[in-house]
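Quick note: the coordinates plus some simple rules give every number you see, no bench work behind them. On a predicted model such as this, the values are computed, not experimentally measured, just so you know. Using ideal geometry, Cβ is built from the backbone for each residue, glycine included, and neighbour counts are taken over all protein chains shown.
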Amino acid sequence: MKSEYLTALDEYFCALYSDYVRLSAIDGYVMPDVLYVAQDGNIARRDSSCMRLCHQKDCAALLEKLKASLADTTFTFSFSFPTLRERISDRFRKTTFAKLLPEALRHCGETAQSAGEKLNIEARFWRRIVKGSLYPEKNTVLALALVCGMQWQDVLNLLAVCGFEFRGDEVRDIVVRYLIENSIFNPVMRDACLAEYRIENLPIA
């Protein structure tokens, strides 16, 4: 029998996942009537959220078909190189990843060193990310949030200053968001949730 937290993840995923092209391609998916006649007699359009799996009669079966087709394509290097213009701009910006990181780590009882030891990133590159001479990629920020048990607002802030956000059409983003919102940071439970949706590219040590 599936664990309660995995069942809750499935429900969460079905309510939020919004890659409608991928959803509509699942065998057995029934396209809802997006257009309808309103009370005033005019043609109205339902919000696209009506296309999510949670509104499908055979939701559980469709989800299993989707899971069977999943493969983690979110691989990126753990960091990127800032341009000269970005490096100059960072000197005057009040909020950069390097400037926000110490406070975010303090909130979860971590240091830059202890956090780096939990990531699958070479120490020399992690030190440069901490100093701001390298920018972290999205996978790195998400992995950092999970291994350190970061607060939700801190994660949002760190993503934002790097130019990222949680996306409803990304399987990885939905699952990581579920883990953070529900404070599921136990490694066994965390890894079970990631494996359930075949998320393999986060740089977690």
Q | Per-pair calculated FRET efficiency, R0 = 22 Å: Ser114 and Gln153 via Cβ, rounded to 0.05 | A | 0.55
Q. Using modelled amide H (1.01 Å from N, peptide plane; none on Pro or chain starts), what sits under 5 Å from the amide H of Phe79, excluding residues fewer than 5 places away?
A. Glu137
Q | For Leu119, distant residues with modelled amide H under 5 Å away | A | Ala205
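If you average 1/r across every pair of different Cα atoms in the chain and take the reciprocal, what Kirkwood value do you get, in Å?
Final number for the Kirkwood radius of the chain is 18.8 Å.
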Q) Once both labels are modelled 7 Å past Cα along the beta-carbon direction, what's the Arg87-Met31 spacing in nm? A) 5.1
Q. What residue among Thr96, Thr83, Thr74 has the largest mean-square fluctuation in a Gaussian network model of the chain, using Cα springs under 10 Å?
A. Thr83
Q) Tell me, what ³J(HN,Hα) does each residue in the stretch 51-59 have, in order and in whole Hz, if you take phi through Karplus 6.51 cos²θ - 1.76 cosθ + 1.60 with θ = phi - 60° and put x for Gly and Pro? A) 8, 6, 4, 4, 9, 8, 4, 9, 3
Q) Taking the Cα centre of the stretch 79-196 as the origin, how large is its charge dipole in debye, to the nearest 20, when only Lys and Arg (+1) and Asp and Glu (-1) carry charge on their Cβ atoms? A) 680
**Q.** Overall dimensions of the stretch 157-205 as given by Cα atoms, namely Rg and Dmax in Å
**A.** 11.2, 30
Q | Gyration tensor verdict on the stretch 17-105 (Cα atoms; rounded if a/c is under 1.5, prolate if a/b is larger than b/c, oblate otherwise) | A | prolate
Q) Got a sec? Charge dipole of the stretch 18-68, +1 on Cβ for Lys and Arg, -1 for Asp and Glu; which of Leu53, Met31, Ile43 is way out at the positive end? A) Leu53
(Q) If packing is taken as the average count of other Cβ atoms within 10 Å, what order do 166-179, 41-54, 2-15, 131-144 fall into, highest mean first? (A) 131-144, 166-179, 2-15, 41-54
Q) Efficiency by 1/(1 + (r/R0)^6): what FRET value for Phe77 and Gln39, r their Cβ-Cβ distance, R0 = 41 Å, to the nearest 0.05? A) 0.15
Q. On average over all directions, what projected area in square nanometres does the stretch 18-68 have, based on the convex hull of its Cα atoms?
A. 3.8
Q | Dipole-positive endmost among Ser133, Ser78, Gly116 within the chain (Cβ charges, Cα centre) | A | Ser133
Q) Nearest 10 degrees, 0 to 90: what angle lies between the long axis of helix 97-107 and the longest principal axis of the chain (Cα atoms)? A) 80
